[in-house]
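The values are calculated or read from the model by the stated rules, or taken from the named source; none is laboratory data. No experiment lies behind these values; they were computed from the predicted model shown. Quick reminder, even Gly has a Cβ in these numbers, built from the backbone with ideal geometry, and neighbours come from all protein chains shown. For the accessible areas, the whole protein counts, side chains as well, though only heavy atoms, and no ligand, DNA or RNA atoms are used. Shrake-Rupley method; radii C 1.70, N 1.55, O 1.52, S 1.80 Å.
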Amino acid sequence: MKNKSKYLAYPYVIWMAIFIVIPLVLVLYYSFTSGNIHDPGSLKFSVESYGKFFDSLYLNIIIKSFWLAFLSTVLCLLFGYPVAFIISRAKMKHRGLLLLFFLVPIWMNFLLRTYAWMAILSPNGFLNRVLEMIGLPTLAIMPGQKAVVLGMVYNFLPFMVLPIYTVLAKIDKNVLEAAMDLGANGLITFVRVILPQTIPGIVSGVTMVFMPAVSTFVISRLLGGGKELLIGNLIEQQFTVHRDWHFGSALSIILMVMILISMAVMSKVDAGNEQGGAALW
Amino acid sequence: MLRRNIIELRNLTKSYNDTVVVDAINLLIRENEFITLLGPSGCGKTTTLRMIGGFEDPNDGDIFFEGTRINNVPPYKRNINTVFQKYALFTHMNVYENIAFGLRIKKVPNDEMKKRVQRMLKLVDLEGFEKRHVDSLSGGQQQRVAIARALVNEPKVLLLDEPLGALDLKLRKEMQIELMDMQKNVGITFIYVTHDQEEALTMSDTVVVMNNGVIQQVGSPVDIYNEPENRFVADFIGESNILEGIMHEDFLVSFSGRKFRCVDKGFSKDEPVDVVIRPEDIDVTSPEDADLQGVVSSVVFKGVHYEMLVESGDFEYMIQSTDMQPVGAGIGLKFGPEDIHVMKRGSDNEK
């Protein structure tokens, strides 16, 4: 039985090999070579692409990308945790509806949602029209970093709320009563019992928000107005505009390594918690 | 033995959406008493306990703790601790931190805290388990941690909500004995909730039988078993034969078409009553020298005894006896005046 059942895994292994391992190997290969992509014979081993990265222009872009992603993640956590908490404390029959409010936007196209924000935030957009109408000064949010962060928080908030909600909803009501019974008021119960038990949810939420936020290029292009170049935009440009696949690949590898390092740090936070089943890794 | 009252429930009432769960109950609980709230599920026993603990607000009535009304005192300010049905341990802490939780909140100095936690670990027989994660413990061990976590705070009253419900029979019996010992050792009031009548009779000083949110009877286990006040108590506690009868005068009752001497008095003349005879109080004899005659209709082996159903007149008696009679045998049933328990017929008999 045991030997036979492993054949069932083959389709998935083949799938993963074709669509994950081979592309990764290709990206790695391109990043360590130089020459003409379309003439395989001309490709030579080279670390030139990695060397390029240490230009202050590119370093600043990656620092900015991580900073904006970090800011968005913190904001998502600050908004998302209370929201998840409120939903988990709501009456059972209201919970589904409240969750739905957070899920419905995900079902709509990501681009469409971001375009909608453009329509709202642009200099002649909905927000400024309304401000003009009531006689208030207009705001120059878009294009700019504020609009990019807002777009990230808006788009990724559900990914923070859901894992935290899942963990919160699993906490036994009796455990909270036990804390109260042992002398803990609401605040102490939250700090000493609820918060520690939701760390796995926070770790997953942070991971699920930070990863797409650091590598996004759509939000920064649409809401940043082309001025706010992030690492995602930089990589995209290497493949579409500059046709420098070697540099694009090197940037992708660098981003991947940096995300892996950040996630490793996050998982350390979770390491103390032995039932961190909700963490991604 | 006269003991001070520690908790008094006065007219305590709780309802959810027009369903009355606890219906105006009055109860006095004395210091150092092991008192059990016993009843079927939905009888209001757990709700009563939760109101004493402060987890439910009564709709009406008062709770007094050492003479002070505590209706509006939140659970974390009551000198009462609870052992929850599913233990409700803090899974992100080890055994030591679970037990120390209440002491840390009270900012007990480290040395004293260590000493008190160690004393509790010894009491619940879990020395050496300090660093263990609570998830790695067996059900019985988790339950003991829950008890230690509550007792370490030195409450005046410990509430226990079906604490042994999740344990297997053998462990449950062991824990019953351990709990009784602990209660004697620490000398505080235990208020214990269970639906298991045997558990209640084994452990308690006082048993409070509840049904439909109403207290049916309060008494010692012996009183509750031997002198049930109504049909519900007789039926719920142990096995019973409950017959309808007429109380002719003091010490004389008739049922099954015969008059019997009994030890009960104080009823009005020819008052309709319920009569209880416990299955183990009926002796099997030859038909000739017996009070009643009957035919065995079924026999079940129960280990210690046989349980037989005997048709006599229009009633089927349950008899527990080590003396097995085959199905179809004509036998005699014999019982003394002290085996006949006469009860008033209450209005809520059929509930």
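For the reader, a short list of remarks on this structure follows.
- Among the protein heavy atoms, those of B:Phe267 account for about 40 Å² of accessible surface (1.4 Å probe, every chain in place).
- For the set B:Lys302, A:Lys52, the ranking by accessible area, highest first and with no ligand, DNA or RNA atoms included, is B:Lys302, A:Lys52 under a 1.4 Å probe.
- Cα→Cβ-extended label distance, 7 Å offset, between A:Ala140 and B:Glu338, nm: 10.3 nm
- Listed residues B:Phe34, B:Phe301, B:Phe232 arranged by accessible area, highest first, probe 1.4 Å: B:Phe301, B:Phe232, B:Phe34
- Label-point gap, in nm, between A:Asp55 and B:Arg3 - each point 7 angstrom along Cα→Cβ: 8.6 nm
- When +1 charges are put on Lys and Arg Cβ atoms and -1 charges on Asp and Glu Cβ atoms, the dipole computed for the stretch B:239-344 relative to its Cα centre reaches about 60 debye.
- Ratio of Rg to Rh over chain A (Cα coordinates, Kirkwood Rh, two decimals): 1.05
- Relative contact order %, chain B, counting alpha carbon pairs below 8 Å whose residues are six or more apart: 15 percent
- Modelled FRET efficiency - R0 25 Å, A:Ser42 with A:Met258, Cβ distances, 0.05 increments: 0.25
- Semi-axes of the equivalent ellipsoid for the stretch B:117-207, computed as √(5λ) from the eigenvalues of its C-alpha gyration tensor and ordered from largest down, come to 21, 16, 10 Å.
- Accessible surface buried upon A-B contact (total; probe 1.4 Å; Å², nearest 100): 2000 Å²
- Average beta-carbon neighbours from other chains, 10 Å sphere, peptide B:69-77: 3
- Size descriptors for the protein assembly as shown: radius of gyration and Dmax over Cα atoms are 36.6, 120 Å.
- The lysines whose alpha-carbon is closer than 25 Å to the alpha-carbon of B:Lys184, local same-chain residues fewer than 8 away aside, are B:Lys45, B:Lys86, B:Lys114, B:Lys115, B:Lys122, B:Lys156, B:Lys170, B:Lys173.
- Neighbouring Cβ atoms from other chains, within 10 Å of the Cβ of residues in B:83-95, number 5 on average.
- Rounded accessible area of B:Cys262 (nearest 10 Å², 1.4 Å probe): 10 Å²
- Potential lengthening between A:Val269 and A:Ala17 on full extension [0.36 nm per residue; Cα-Cα distance subtracted]: 87.6 nm
- Mean residue ellipticity (222 nm) of chain A, computed from DSSP H runs ≥ 4 via -39,500 (n - 2.57), nearest 500: -22500 deg cm²/dmol
- For the stretch B:83-166, a simple Cβ point-charge model (Lys and Arg +1, Asp and Glu -1, everything else neutral) yields a dipole of about 280 debye relative to the Cα centre.
- For B:Gln176, net neighbour charge (Lys/Arg +1, Asp/Glu -1) across residues whose Cβ lies under 12 Å away: -3
- Charged-residue dipole, Cβ positions (Lys, Arg, Asp, Glu), the protein assembly as shown about Cα centre, Debye nearest 20: 4320 debye
- Cα shape, the stretch A:9-61, gyration tensor, a/c 1.5 rule: oblate
- At a probe radius of 1.4 angstrom, the accessible area of the protein assembly as shown per residue rounds to 50 square angstrom.
- Accessible-area value, B:Glu338, 1.4 Å probe, nucleic acids and ligands omitted, Å²: 110 Å²
- Simple spin-label estimate for B:Glu271 and B:Arg345 in nanometres, 7 Å along Cα-Cβ: 1.3 nm
- Ratio of Rg to Rh for the stretch B:5-226: 0.96 [Cα atoms; Kirkwood radius as inverse mean 1/r over pairs].
- Once the Cα-Cα distance is subtracted from the 0.36 nm per residue extended length, the B:Lys259 to B:Ala166 segment shows a gain of 28.7 nm.
- Ranking by accessible area, most exposed first, for A:Ile164, A:Ile235 with a 1.4 Å probe: A:Ile235, A:Ile164
- Every helix of 4 or more DSSP H residues in chain B counts as -39500 (n - 2.57), and over all residues that averages to -7000 deg cm²/dmol at 222 nm.
- Report note on the peptides B:79-90, A:248-259: ranked by the mean count of other C-beta atoms within 10 Å, highest first, their order is B:79-90, A:248-259.
- Evaluated on the stretch B:239-344, the Kirkwood hydrodynamic radius is 14.0 Å, with distances taken between all distinct Cα atoms.
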